[in-house]
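The values are calculated or read from the model by the stated rules, or taken from the named source; none is laboratory data. Since the structure is predicted, the reported quantities are computational estimates derived from the model, not experimental observations. Cβ atoms come from the backbone with ideal geometry, glycine included; neighbour counts cover every protein chain shown.
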Amino acid sequence: MKIVVIGGTGLIGSKVVRNLSARGHEAVPASPNTGVNTISGEGLDAALAGAQVVVDLANSPSFEDAAVLEFFRTSGGNLLKAEVNAGVGHHVALTIVGAERVPDSGYMRAKIAQEELIEAAGQPYTIVRSTQFFEFLRATADAATDGDTVRVPTADLQPIAAEDVAAAVTDVAMADPVNGIIEIAGPERIKFPDLIRAVLTADNDPRTVVGDQHARYFGTELTDASITAGTDAHLGATTFAAWLAVNRK
Ligand SMILES: NC(=O)c1ccc[n+]([C@@H]2O[C@H](COP(=O)([O-])OP(=O)(O)OC[C@H]3O[C@@H](n4cnc5c(N)ncnc54)[C@H](OP(=O)(O)O)[C@@H]3O)[C@@H](O)[C@H]2O)c1
């Protein structure tokens, strides 16, 4: 099958392209770096010609509230229109577990807007909702740093390895559309400060991690249930400890 991976040069996208190619598919990485831009439309129709499946793994260059909403609306809208024109039979997208439970977050609102576009477009689709990636924890710590202190919510997270996300997305891309949502998550719930502290300790990073019930993550406060997964979620196999053991700085 020809499968176009929008954002195929990114963290998850590059792994999905590799996985699909290894299974004998024609996996095409499509992003500004390969001459395909879902905002301007550059290269989009040519990339989609003859494709059976499109996997949308693009991310916004800016996480500012208005910019990220504009990105996912414009990118998703242009992409779905181009897919209809090209006769693509399955749209796969990666969104976020619990986004609908944290409306104070501009990023999460943008991901919900992305889902709503997909559900309204009439294209056969599968939405894969994931929890946070282990690979995102270092950037999360940096964003929460003030001086030598990293202040993060006290709530549970249930993060997952990027390789496990990519494996799940690869399986979905090769399967029939479910016209609904599949959830994936890591195998354990862990307190946010414990995750950040473990990464910084492994990195010999001297910053102090403080748990604060009112600290915001992507603009929102969190409870233990906000962005952890329900009981139906497919769980990745990689534990946090196993990931950290092979992902030291
Ligand atoms: N981080 C998390 O914990 C988390 C959790 C759940 C879901 N997600 C979702 O997972 C998805 C993938 O995230 P990621 O971390 O793999 O992203 P990433 O590494 O930041 O990669 C982003 C990709 O988007 C591409 N892109 C940017 N602007 C584009 C445009 N105008 N047209 C086409 N492609 C464009 C980039 O292309 P270039 O390389 O050419 O710039 C790059 O390939 C995102 O939608 C994100 O919301 C993330």
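Every residue, every condition in (1) touching a helix residue (DSSP H, G or I) at 6+ places or on another chain (Cβ under 9 Å); (2) over 23 Å from L20 (Cα atoms), yes or no:
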{"position": "A168", "(1), (2)": "no, no"}
{"position": "M174", "(1), (2)": "yes, no"}
{"position": "P193", "(1), (2)": "no, yes"}
{"position": "A229", "(1), (2)": "no, yes"}
{"position": "L235", "(1), (2)": "yes, no"}
Matching residues, segment 143-165, being part of a loop (DSSP other than H, G, I, E, B) and touching a residue at least 12 places away in the same chain (Cβ under 8 Å): A144, D148, P153, T154, A155, Q158, P159, A161
Count of residues meeting criterion [crowded, with 21+ Cβ neighbours inside 10 Å and free of Cβ contacts under 8 Å to residues at least 60 places away in the same chain] in segment 130-142: 1
Verdict on A86 being surrounded by 15 or more Cβ atoms within 10 Å (Cβ to Cβ) and of a type outside the set (S, T, Y): yes
Residue match in segment 83-97 (condition: in contact with an Asp or Glu (Cβ under 7 Å, 6 or more places away or on another chain) and hydroxyl-bearing (S, T, Y)): yes
Residue in segment 165-174 that is crowded, with 16+ Cβ neighbours inside 10 Å, among the polar types (S, T, N, Q), at pLDDT 95 or above and within 13 Å of the ligand (Cβ to nearest atom) present: no
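If we keep just the residues of segment 19-38 that are surrounded by fewer than 16 Cβ atoms within 10 Å (Cβ to Cβ) and in contact (Cβ under 8 Å) with a residue 24 or more places away in the chain, which is nearest to A161 (Cα to Cα)?
The first filter runs over segment 19-38 and keeps only residues surrounded by fewer than 16 Cβ atoms within 10 Å (Cβ to Cβ), leaving 21-24, 26, 33-35.
Restricting the remaining residues to those that are in contact (Cβ under 8 Å) with a residue 24 or more places away in the chain gives 23, 26, 33-34.
Working: R23: 21, E26: 25, N33: 25, T34: 26 Å.
In this case the residue turns out to be R23.
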Matching residues, segment 166-190, being out of contact with any Leu (no Cβ under 7 Å at 6 or more places or on another chain) and not in a loop (DSSP other than H, G, I, E, B): A166, A167, A168, D171, V172, M174, G180, I181, I182, E183, I184
Entirely in segment 1-107, the helices (runs of 4 or more DSSP H) that have 1 or more residues that are under 21 Å from A173 (Cβ atoms) and among the basic types (K, R): 11-22, 65-86
Scope segment 40-58; condition surrounded by fewer than 16 Cβ atoms within 10 Å (Cβ to Cβ) and either in contact (Cβ under 8 Å) with a residue 12 or more places away in the chain or closer than 12 Å to K111 by Cα (or both); matching residues: G41, D45, A49, G50
